[in-house]
Amino acid sequence: MSDGGPFRHPLAALTLARFRLTIREPEMVFWIFVFPILMALALGIAFQSRGEEPMPVAVRDAPGAAPILAALARAGDLEGVVTPEGDELALLRDGRAHLVVVPGSPPTYRYDPVRPESRLTRLLVDRALAGAAGHAPAWTARTEEVATPGSRYIDWLVPGLLGMNIMGTGMWGLGFGIVMARSRKLLKRMVATPMRRSHFLASLVVSRLAFLGFEMLALLGFAGWVFGVGNEGGPAALVVVALVGALAFGGIGLLTASRARTIEGVSGIMNVVMVPMWICSGVFFAVTNFPEAAQPFIRALPLTALIDALRGVMLNGHALAGVGVELGLLAGWGVVTFTLALRVFRWQ
Amino acid sequence: MPLPATGRPALNCTGLVKRYGDLTAVDGLDLTVRRGECFGLLGPNGAGKTTTIEILEGLLAPDAGAVEVLGSRWGADDDALRRRLGIHLQETQFDERLSVAETLGLFRSFYRGGPPVADVLETLGLQAKAGTWVGQLSGGQRQRLAVGCALVGDPELLFLDEPTTGLDPQSRRQLWSVLQRFRAADGSILLTTHYMDEAQVLCDRVAIVDGGRIIAQGAPRELIASLGAAHVIEFGLPSGQDAEPDAREIAARLAALPGVRDVDRAGDRWQLGAEDLQETLPALMRFAEEAGIALVSVTTHAATLEDVFVSLTGRRLRDV
Ligand SMILES: Nc1ncnc2c1ncn2[C@@H]1O[C@H](COP(=O)(O)OP(=O)(O)OP(=O)(O)O)[C@@H](O)[C@H]1O
Ligand SMILES: [Mg+2]
């Protein structure tokens, strides 16, 4: 019977109820467990290193194209395709060619310098054509391929996804439960019992932390199993960082839900809070891509701090001291938002 | 009906006022519920019943007035006081994905004492639904669950805001017997209702609330007796007889009929309060015949609290 045993204690009973409500909500299960795994899978496959695939190069269909094609073929890491002049730009735009070579003396390269792969291709083509023209290189360096676990895009991405997930589920997990109960007058009904208000809030946090454990196991287990993503810094440091992050976003979630009366209302507020961080905080690409002037703001965002700390531990093997600044920032966010939320919280 | 126990009241409030902007929802209301008594608040929509009961429950702060519940005031040791109260709000939607037993168990965990969940389920006739999610209950079953959540802590005083609205007649009777048993075990009840029969069956005393004030108070039988008329005769007059001077003359002549205590008119329906049907009804018929008026759909009923309200305000209790 559900009223027996250890669940007689209100905190335990509230936590159990919250637990049941979460796992009985299929959408919740999807966002917590399935979504981050799908994301890791899709991006992991998209950015998988495929060995040395030759770089596609378009060679304009003009007199002098044949020796250029031959030189490219000799280079081994380039693949020339003869292309009519009118198709060049379409090929560049779609990524089917990284560079266009217009035969001539000297030849002309057409490419978009913003694309790193185009700049790389330009160097490779230049070396190949210069070699063919008799300018031998002074020396050829030895190369070592680096595709070992710990230094690939997927290794960098997984901590970002984990941070994003901690933010999302932390905010939704707390915010939804609270606003749902408020809009149904259930919060008011519970306040009419001798239930301690702190027990209600604590039950949300406790069940949240329990789910955090499952989430981390699911995402990291999957990433480790499929992509060999590891954790340099060891489980203890990782768990501490995740806990601090979850508490910080718990506070932010509590604050966003502290007064909203409807699910629509709180969804709006949460999107306003979360979308900028999804974009700016370095989940998918490095924070350094943003202008210098924006850096202080981006660095102050809690998701940036969380992801930096997670990467510090998982990729660089930092101990907790090594990510102290980030942890301090997160704790600050947590304390300030919790305090504020409790002040303005509307129970009815 | 057992006599209400005397002694210190279960609940007492004086000079209660609650304003919402320009609107005064509760306007200087005094109320006493004795121990072991079932007290009913009656009144039309918007009368201020819910506002009053939520102030008494300590959920709303009044703008003026004093409240004493089970000898304590709100704001001192609220948790201790709440352990002794059972509360049913007019509208609570419980979590749809918890079962009936889980919901009761959750509320049960907030209290130190109280019956096992299984007993509450049985009391409410919800055993068969113990494992059903709240989202799959019928409206009446949810209503019973809500009352159950008020009972799980074994309260001394029960607040019920329209506990039987939306129930079928059988479920209502079932709930009445739950409440009668609760009161027989020395519990006190404050409830609001729109059902006059419910108030007459359940309540030792009732207060009729209108515009945030109590306009009449007493045992249902006393209030009805104060009408001075045990019966009500209701009828319509064919249109055309409704012109004002005509109507005034008819009212005067009706009032002069033997045994008529009072004459009320709501739209095209007329009501006579009568002490003795045997005396008044034939007189009414004779009057109609002599005046050449054809009465439309004559009905009679024993006077109810509804008639008390109509005679006090000239309006009906329910928005019919
Ligand atoms: N939060 C509020 N803000 C503004 N006005 C309110 C609020 N709550 C109630 N009122 C107003 O106070 C008056 C009394 O409302 P209350 O809910 O107490 O009525 P009631 O007697 O319970 O009615 P019902 O029988 O329909 O439940 C109504 O006119 C209502 O519009
Ligand atoms: Mg009401």
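Just a few scattered comments:
- Computed over chain B, the convex hull of the alpha-carbon atoms projects to a mean area of 19.2 nm².
- Antiparallel content of DSSP bridges confined to chain A, in %, to 5: 25
- Kirkwood-Stokes translational diffusion coefficient of segment A:1-134, alpha-carbon pairs, 25 °C, 0.890 mPa s, µm²/s: 129
- Relative to the globular-protein estimate of 2.2 N^0.38 Å, the Cα radius of gyration of segment A:201-348 stands at 1.10.
- Spin-label pair B:E275-A:E292: with each label point 7 Å from Cα along the Cα-Cβ axis, the two points sit 10.4 nm from one another.
- Seen from all directions on average, segment A:149-243 presents a Cα convex hull projection of 7.0 nm².
- Helix A:302-314 and the long axis of chain A differ in direction by around 70°, with both axes built from C-alpha atoms.
- Theoretical ellipticity at 222 nm over the protein assembly as shown - DSSP helices of four or more residues, -39500 (n - 2.57) apiece, nearest 500: -15000 deg cm²/dmol
- Alpha-carbon centroids, segment A:172-248 and segment A:33-100: separation in whole Å: 45
- Each Cα pair under 8 Å and six or more residues apart adds its separation to the average, and for chain A the resulting relative contact order is 20 percent.
- Estimated inter-spin distance, A:I23 and A:A141, nm [label 7 Å along Cα→Cβ]: 5.4
- Loop-located trypsin sites (Lys or Arg not before Pro) in segment A:265-348 (DSSP state other than H, G, I, E, B) with a sparse environment of at most 14 neighbouring Cβ atoms within 10 Å: A:R346.
- With Cα atoms as the point set, the radius of gyration and Dmax of segment A:55-145 evaluate to 12.8, 40 Å.
- Cα centre as origin, Lys/Arg/Asp/Glu Cβ charges: the protein assembly as shown dipole, Debye: 1660
- Computed from Cα positions, the angle between helix A:263-280 and the longest principal axis of chain A comes to roughly 40 degrees.
- Here the translational diffusion coefficient of chain A follows from Stokes-Einstein with Rh set to the Kirkwood radius across Cα pairs; for 37 °C and 0.692 mPa s it amounts to 139 µm²/s.
- Set the Cα radius of gyration of the protein assembly as shown against 2.2 N^0.38 Å, with N its number of residues, and you get 1.49.
- A:L120 paired with B:A185, simple spin-label distance in nm, labels 7 Å along Cα-to-beta-carbon: 7.7
- Qualifying lysines (Cα of each under 24 Å from Cα of B:K49; at least 8 residues distant if same chain): A:K185, A:K188, B:K18
- Inter-chain neighbour count for B:97-104: the average number of beta-carbon atoms from partner chains within 10 Å of each residue's beta-carbon is 4.
- Taking GluC sites (Glu not before Pro) in DSSP loop states with no more than 10 other Cβ atoms inside 10 Å as exposed sites, chain A has its longest site-free stretch at A:146-348.
- Dipole of segment A:55-145 computed with +1 at Lys/Arg Cβ and -1 at Asp/Glu Cβ about the Cα centre; of A:G64, A:A97, A:W139, farthest Cα towards the positive end is A:W139.
- In Å, descending, principal axis extents of the Cα set of segment B:1-107: 42, 39, 34
Read the figures in this text as sums done on the coordinates, not as results from a lab. Keep in mind that this is a model prediction, so the values were computed, not measured. Quick reminder, even Gly has a Cβ in these numbers, built from the backbone with ideal geometry, and neighbours come from all protein chains shown.
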